[in-house]
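Single-structure report; data block below.
The values are calculated or read from the model by the stated rules, or taken from the named source; none is laboratory data. The shown structure was predicted, so the numbers you read here are calculated from the model rather than taken from an experiment. Here Cβ is always computed from backbone atoms with ideal geometry, including for glycine, and neighbour counts include all displayed protein chains. Accessible surface is based on the protein model in full, side chains and every heavy atom, while ligands, DNA and RNA are left aside. Shrake-Rupley method; radii C 1.70, N 1.55, O 1.52, S 1.80 Å.
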Amino acid sequence: MGNLLKVLTCTELEQGPNFFLDFENAQPTDCERDVWNQVNAVLQDSESILSGLQAYKGAGQEIREAIQNPNDMLLQERAWNSVCPLVIRLKRLYGFSLRLERALQSLLESLTCPPYTPTQHLEKEQALAKQFAEILHFTLRFDELKMRIPAIQNDFSYYRRTISRNRINNMNLDIEREVNNEMANRMSLFYAEATPMLKTLSTTTTNFVTENKTLPLENTTDVLSTMASVCKVMLETPDYTCRFNSEDTLLFCMRVMVGVIILYDHVHPNGAFNKSSKIDMKGCIKVLKEQPADNVEGLLNALKFTTKHLHDESTPKNIRSMLQ
């Protein structure tokens, strides 16, 4: 059965089919190659994007000195010259989110199209499923980093304020061609989100469902719920986790599981926490809580603060209490 092995049938578990998916070694078939190449061109830049974000230091001191000494033009210029390259970097990060959006759209089209069921797609297109997982993994890593860098919004706010007020006597304004007012507005909305990449994926998935009216909603939500089951079973089954060549794959599975739960919760009308959900939320949360706290604190917070339906009346109290 290749890298994807069936471990439970639909009749054995109401939550649906569960699989072991080889996230480490899945390779594209000829049928997957075109989409895989398109998505790979985006994903191959993901590590440099994360490195750039991790290295972001900000211009807090220069900005404070400029604000405290509004008549000192040397300090104004120093702050401006410190902020401009940071804004260019922020534009690159934002631009990557647009590329990621298009990549996710292509994957959703491939993994949900008739005549195959979502489960059959995951069986036949394991490399695309792996790329979908890699997008989710990147997204949660990006947002975890971004939440720890308040300098991003401070720097960008200073840039926008400076541009709007006489442009500091027309100092070096080449950057305005790079980040004009329209681009600045879009970037501002992106960085205002606590989890901007997750917001991008949620919006993309919701728009995909809305725009493809002839495609049953279940085609999309079943891909998400099946991926959640894949990760849950892999995490709770020692016979599968021992197959991982890298310890990082364990955290990879956790991030992917949380990512698909959040997407499911945003896309499905009843959300992921409802009793009718095809995701075993109790089991998923239990698996997370069995991992080292340092690895899962951010993921549990993502379930608490970036899902849409956790606080609905239909959410069982025991699920809510597990996430307190």
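Using beta carbons and a limit of 7 Å, which pairs, at least six apart or on different chains, have the first residue in the stretch 205-228 and farther than 28 Å from Gly283 by Cβ and the second one open to solvent by less than 60 Å² (accessible area, probe 1.4 Å) and assigned to a helix (DSSP H, G or I)?
Hits for this filter: Leu215/Thr112.
With (1) open to solvent by 50 Å² or more (accessible area, probe 1.4 Å); (2) closer than 25 Å to Lys213 by Cα; (3) in a helix (DSSP H, G or I) as the list, and Asn81 as the residue in question, which single condition is left unmet?
(2)
For the stretch 50-74, which residues satisfy the criterion of being within 16 Å of Cys84 (Cα to Cα), open to solvent by 100 Å² or more (accessible area, probe 1.4 Å) and part of a loop (DSSP other than H, G, I, E, B)?
Lys57
Mind checking which residues of the stretch 88-97 are surrounded by fewer than 19 Cβ atoms within 10 Å (Cβ to Cβ) and free of Cβ contacts under 8 Å to residues at least 60 places away in the same chain? Walk me through it before giving the result.
The initial filter retains those residues of the stretch 88-97 that are surrounded by fewer than 19 Cβ atoms within 10 Å (Cβ to Cβ), namely 88-89, 91-92, 95.
If the condition is that a residue be surrounded by fewer than 19 Cβ atoms within 10 Å (Cβ to Cβ) and free of Cβ contacts under 8 Å to residues at least 60 places away in the same chain, then Arg89, Arg92, Gly95 are the ones that fit.
Checking the structure you have, find out if any residue of the stretch 130-146 is in a helix (DSSP H, G or I), open to solvent by 10 Å² or more (accessible area, probe 1.4 Å), within 14 Å of Lys199 (Cα to Cα) and acidic (Asp, Glu).
yes
Among the listed residues Val287, Val256, Val296, which satisfies the condition of being crowded, with 24+ Cβ neighbours inside 10 Å and either outside any helix (DSSP H, G or I) or aliphatic (A, V, I, L, M) (or both)? First the steps, then the outcome.
Values: Val287 fails: crowded, with 24+ Cβ neighbours inside 10 Å; Val296 fails: crowded, with 24+ Cβ neighbours inside 10 Å.
Of the residues listed, the single one that is crowded, with 24+ Cβ neighbours inside 10 Å and either outside any helix (DSSP H, G or I) or aliphatic (A, V, I, L, M) (or both) is Val256.
Hey, can you tell me all the residues within the stretch 225-245 that are of a type in the set (S, T, N, Q) and more than 11 Å from Phe23 (Cα to Cα)? Break it down into steps so the answer makes sense when it comes.
Let us first name the residues in the stretch 225-245 that are of a type in the set (S, T, N, Q), namely 225-226, 229, 237, 241, 245.
If the condition is that a residue be of a type in the set (S, T, N, Q) and more than 11 Å from Phe23 (Cα to Cα), then Ser225, Thr226, Ser229, Thr237, Thr241 are the ones that fit.
Which of the following residues is surrounded by 22 or more Cβ atoms within 10 Å (Cβ to Cβ) and more than 24 Å from Asn274 (Cβ to Cβ): Met227, Met234? Before you say what the answer is, go through the steps one by one.
Numbers: Met227 fails: more than 24 Å from Asn274 (Cβ to Cβ).
Going through Met227, Met234 in turn, just one is surrounded by 22 or more Cβ atoms within 10 Å (Cβ to Cβ) and more than 24 Å from Asn274 (Cβ to Cβ): Met234.
How many residues are closer than 15 Å to Thr162 by Cα, in a helix (DSSP H, G or I) and open to solvent by 40 Å² or more (accessible area, probe 1.4 Å) if we restrict to the stretch 178-202? Working first, answer last.
Our first condition is that a residue be closer than 15 Å to Thr162 by Cα; within the stretch 178-202, this holds for 179-181, 184-185, 188.
Going one step further and asking which of them are in a helix (DSSP H, G or I), we end up with 181, 184-185, 188.
Restricting the remaining residues to those that are open to solvent by 40 Å² or more (accessible area, probe 1.4 Å) gives 181, 185.
Number of matching residues: 2.
Exactly one condition in (1) out of contact with any strand residue (DSSP E or B) (no Cβ under 8 Å at 6 or more places or on another chain); (2) in a helix (DSSP H, G or I) is not met by Phe244; state its number.
(2)
What are the pairs, 6+ residues apart or on separate chains, where a residue within the stretch 124-152 that is over 20 Å from Ile261 (Cα atoms) has its Cβ under 6 Å from a residue that is among the small types (Gly, Ala, Ser)?
Ala127/Ala26; Ala151/Gly58; Ala151/Gly60
With the structure loaded, tell me whether Val179 is outside the structural domain of Val83 (by the TED database) and of a type outside the set (S, T, N, Q) or whether it fails that test. Explain how you work it out, then say what you get.
Working: outside the structural domain of Val83 (by the TED database): no; of a type outside the set (S, T, N, Q): yes.
It is false that Val179 is outside the structural domain of Val83 (by the TED database) and of a type outside the set (S, T, N, Q).
Do you know which of the residues in the stretch 20-40 that are part of a helix (DSSP H, G or I) and open to solvent by 60 Å² or more (accessible area, probe 1.4 Å) is nearest to Ala103 (Cα to Cα)?
Here is the first cut: in the stretch 20-40, the residues part of a helix (DSSP H, G or I) are 33-40.
If we keep only those that are open to solvent by 60 Å² or more (accessible area, probe 1.4 Å) too, we end up with 33-34, 37-38.
Working: Arg33: 14, Asp34: 12, Asn37: 10, Gln38: 7 Å.
Ranking the candidates gives Gln38 first.
Tell me which of these Ala272 doesn't satisfy, since it passes every other one: (1) open to solvent by less than 70 Å² (accessible area, probe 1.4 Å); (2) assigned to a helix (DSSP H, G or I).
Condition (2) is where Ala272 drops out.
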